[in-house]
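Student: Below are the structure tokens for one structure; questions will follow.
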Amino acid sequence: MILAWKAALIIFAGLISLEISAAEAAEKTVFPAPGGQQTILSVHGATDLAAMEPLIRDFQGLSPTVTVEYNEYLTNDLFNRAASECDAKQGTMDLVLSSSADHLVKLVNDGCALNYRSVMTHRLPSWTRWRDEVFGFTFEPAVIVYNRDLVPPEDVRRTRAELIDLLRTKPEQYNDEYHEALEKLIEEKIEHPDETVAAPAKKKKPTNVVDLVAVLQESLQQSKGKVTAKKKSAPAPKSRKAAKKQAA
């Protein structure tokens, strides 16, 4: 059984509980059964121990006779270990957790997992379980940010699948020129390793961002200039006495 979804995925590897000579996990932490050991659960995951420990402790509160061995890997190392055990038709993994959905799906498709059904799993939404081997139990928030000046309303996408479809159907409009140039550079470097090749420069995009402080300072200077000019050009007001003499 595989519990899988975006941030953390889990697989009941069920690779037949036989031992296999393989590379040791990056780190192994043992949580002794608080109520006396009757069973050992071997968990292999790519989730940090700090995040897993509270979950394991809570599990042992419900199942106090289970000792949990948590083996922590990087995602690629975890996949390689699980795949090698599966190929050998032997295994040491009871449960596998990973954030790499493609790895877990491949393990399932290759027949490396056992299905699991229970009252609890059937309470899960249908989109969180697949073939009773992959189960999702957490979310990873994601957003799509776009420039309204460059992306027309009909091209706005709401999901990753829709975004991928857009990039595939309109490659000429949404191509990545920098990465294309970078790939070309790598190919040239492979063909001519002794030659020095300049890295592609990223194009500077025009911006409409205005320096508000500079604009305010300029406006202030202009206002001061106008006030000074008015003071110099305005005629001095005549006194009442001088006005009366002119009138006489």
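The values are calculated or read from the model by the stated rules, or taken from the named source; none is laboratory data. Not measured: the values here are computed from a predicted model. Cβ placement follows ideal geometry from the backbone for every residue including glycine, while neighbour counts extend to all protein chains displayed.
Student: Is the range 5-27 home to any residue that is under 23 Å from C86 (Cα atoms), in the same structural domain as A101 (by TED's automatic domain parsing) and at pLDDT 90 or above?
Tutor: no
Student: Something else now. Just to check your reading of the model, which residue among E154, E140 is part of a helix (DSSP H, G or I) and more than 16 Å from L104 (Cα to Cα)?
Tutor: Only one candidate qualifies: E154.
Student: Let me ask something else. Would you mind stating whether T138 is touching a Gly at 6+ places or on another chain (Cβ under 8 Å) and either of a type in the set (S, T, Y) or surrounded by 15 or more Cβ atoms within 10 Å (Cβ to Cβ) (or both)?
Tutor: On the way: touching a Gly at 6+ places or on another chain (Cβ under 8 Å): no; either of a type in the set (S, T, Y) or surrounded by 15 or more Cβ atoms within 10 Å (Cβ to Cβ) (or both): yes.
Taking the combined requirement at face value, the residue does not satisfy it.
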